[in-house]
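Report on one structure; see the data block that follows.
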Amino acid sequence: MNSSANETGPVIECREVTKIYRSTKAGRPSSVCALDKVSLRVGSGTIIGLIGPNGAGKTTFLSLIAGLIFPTQGFIRVCGHPARSLEARRSLGYIPESPAFLCRYSARAVLEYHAALHGLSRRAISTECDKLLSQLRLEEYADRAVGGFSLGMRQRLALAVALLDHPRLLLLDEPSNGLDPIGVIELRRALLDVQQAGATIIISSHRLGELEKLTSDYVFLHRGRIVEFGGEVPAGQMGRLHIEFLPGSPLLAAETLAPHRPLERSEAGWVVGVAGVQDIPQVVSSLVKAGAQITSVALEAPDIEQTFVRLYEERTR
């Protein structure tokens, strides 16, 4: 695996990163702010979902980290090195949304070429290529021209290229495009293996249900700004605790649960906003002490799709 001068520091560090695209239309200058003062630190060994509506700045963000474009302002470090530096590029693997290869080359030739660029020995090239072709179900097609590959097969080949030399950071822009259900499952397994080996993975995807199977950490981008990172969700938004009472129970005062907030109240039961499972014992204990006769307790936690919709609606009202 690639080594870094800063193994214990953040894998990604962004500070006040702004990207403005400038152009001229009909003789008049115009500009679009794709990212606006984005600051972020990401540690090692995590899988982070990069989510947001179309045009939010997700691809721009990944391209900046990968060193494919320059920021207008701010700076980015990858594994302790400035983005675009040779050391930073050696530390990461990247899959663009639409990977492309020279059509006349075989999958094996593509892998061998990129492995040679990494400086691998002939023996290591053979070993790594065989392993990745097998891992990503490309053995049968290893010696076929890439021009005849389906979109899903090109995605798998792009992942194999990105995994050469065991990067510390893996950046994926819509990696499941064109993959069949089996391919999606195998992609998930491959990414979990990469994470368990200690790598950090950032995935930009509109398949929120698939992201939820890989990670619980998210960066939500909206109009070029980070709206929310990780689990920083206001209390009452993380989950709804459904509590049922015996028939005929008295209606308790809302203040019974302070600082928790009842979202719904009736004689039959309450729905209480909680930050997570850690709040359940306190809520139940408070109700019992107040005289509630509880028959059942169930936590309804919102999935990432519900959270995405809520965040989006809050910012577009």
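Bear in mind these aren't lab numbers, they're just calculated from the coordinates by the rules spelled out. For clarity, every value in this text was computed on a predicted model and none was experimentally measured. Every residue, glycine among them, receives a Cβ derived from its backbone with ideal geometry; neighbour counts consider all protein chains shown.
Listing for the model above:
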{"read-out": "Helix axis angle, 107-117 relative to the chain longest principal axis, alpha carbon, degrees", "value": "80 degrees"}
{"read-out": "Principal-axis tilt of helix 304-316 within the chain, Cα atoms, nearest 10 degrees", "value": "80 degrees"}
{"read-out": "Dipole of the stretch 12-229, positive end: most advanced residue of Ile69, Pro53, Tyr105 [Cβ charges, Cα centre]", "value": "Ile69"}
{"read-out": "Environment charge of Gln293, counting only residues whose C-beta is closer than 13 Å and scoring Lys/Arg +1, Asp/Glu -1", "value": "-1"}
{"read-out": "Counted charge near Ile95, where neighbours are those whose Cβ lies closer than 13 Å (Asp, Glu -1; Lys, Arg +1)", "value": "-1"}
{"read-out": "Radius 9 Å from Cβ of Cys33, net charge of other residues (Lys, Arg +1; Asp, Glu -1)", "value": "+1"}
{"read-out": "Of (i) 21.4; (ii) 15.3; (iii) 14.4, the label for mean projected area of the Cα convex hull in nm² derived from the coordinates", "value": "(i)"}
{"read-out": "Cβ-Cβ FRET estimate between Ala298 and Glu255, R0 fixed at 22 Å, reported to 0.05", "value": "0.40"}
{"read-out": "Least to most buried among Arg123, Arg188 (fewest other Cβ within 10 Å first)", "value": "Arg123, Arg188"}
{"read-out": "Helix axis angle, 151-163 relative to the chain longest principal axis, alpha carbon, degrees", "value": "80 degrees"}
{"read-out": "Under 28 Å, Cα to Cα: Lys pairs in the chain, sequence gap 8 or more or different chains", "value": "7"}
{"read-out": "Cα-centre dipole for the chain with unit charges at Cβ (Lys and Arg positive, Asp and Glu negative), debye to 20", "value": "1280 debye"}
{"read-out": "Distance from the stretch 69-143 to the stretch 155-213 (C-alpha centre basis), Å", "value": "14 Å"}
